[in-house]
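Data block below; observations after.
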Amino acid sequence: CSMADMAAPDQLEMAWRELEQMGVRTTDVIPVTYINSSAAIKAFVGAHGGIVCTSTNAAAVMKWAWDRGEKLLMLPDQHLGRNTGYRMGVPLEQMVVWDPFELNGGLTKDQVEKARLILWKGHCSVHTRFTTQQIEAFRKKHPAGKVIAHPECTWDVVQAADESGSTEYIINAVRHSPPGT
């Protein structure tokens, strides 16, 4: 999975050190990684009190993490983190994107301090290929159709869709939809 390559262990270790150097208490930051990450990333997350999630259990895992810390570092997929966090009531203003190729993730200490959700700048190359223009074209062709987006899609695609849900959710929705829809 191309997403697994979007968070390298050395980048995550550097990000953790930079957070500490910014004065962020990393004991209050719970790392959460999506299942499509490397074993080394999963090991780092586990060693720092974090957890691995899937798209199906992302909300439950994020709740678990917030019960244990003030901030959540979600990697490697920023879109899954943003879309799930927003659905859970976290305003966009309390989310920041950590760019591992920038010093301090490209963020200021103030931005990180105000954030509840730190999103790793990574994505699924497949899910980011979906666009709002495709949704508009589908709706013109199938006015009664329903668009369900995966939470790894970009913010604008998820907002334009009728619903959003995990792969399991989408499969079940298709299985249980009336014929012709």
Worksheet item: In the range 143-181, which residues are of a type outside the set (S, T, N, Q), open to solvent by 50 Å² or more (accessible area, probe 1.4 Å) and part of a loop (DSSP other than H, G, I, E, B)?
Response: P143, A144, K146, D162, H176, P178, P179, G180
Response to the item:
Going through the range 66-106 in order, the residues found to be among the charged types (D, E, K, R) and either open to solvent by less than 50 Å² (accessible area, probe 1.4 Å) or under 11 Å from the mean Cα position of the chain (by Cα) (or both) are K71, D77, R82, D99
Item to complete: Could you list, in sequence order, all residues of the range 124-137 that are loosely packed, with under 14 Cβ neighbours inside 10 Å, hydrophobic (A, V, I, L, M, F, W, C) and modelled with pLDDT under 95?
Response: V126
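Might you check whether a residue that is among the small types (G, A, S) and at pLDDT below 95 occurs anywhere in the range 56-73? Break it down stepwise before answering.
Taking the range 56-73 first, the residues among the small types (G, A, S) are 58-60, 65, 69.
Keeping just the survivors that are at pLDDT below 95 gives none.
No, the range 56-73 contains no residue that is among the small types (G, A, S) and at pLDDT below 95.
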Discussion item. Looking at the range 19-33, can you tell me whether even one residue there is among the hydroxyl-bearing types (S, T, Y), open to solvent by 40 Å² or more (accessible area, probe 1.4 Å) and touching a residue at least 60 places away in the same chain (Cβ under 8 Å)?
Written reply: no
Worksheet item: Among K140, K109, K121, K114, which is open to solvent by 40 Å² or more (accessible area, probe 1.4 Å) and closer than 19 Å to N36 by Cα?
Response: K121
Practice prompt. Starting from residues that are among the hydroxyl-bearing types (S, T, Y) and under 12 Å from the mean Cα position of the chain (by Cα), keep the ones in the range 34-55 and report whichever is most open to solvent (accessible area, probe 1.4 Å).
Written response: T54
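The values are calculated or read from the model by the stated rules, or taken from the named source; none is laboratory data. Everything numeric in this text was worked out from a predicted model, so none of it was measured. A quick note on method: Cβ atoms are made from the backbone with ideal geometry, for glycine too, and the neighbour counts reach across all protein chains shown. What goes into the accessible areas is simple: the full protein's heavy atoms, side chains included, and nothing from ligands, DNA or RNA. Shrake-Rupley method; radii C 1.70, N 1.55, O 1.52, S 1.80 Å.
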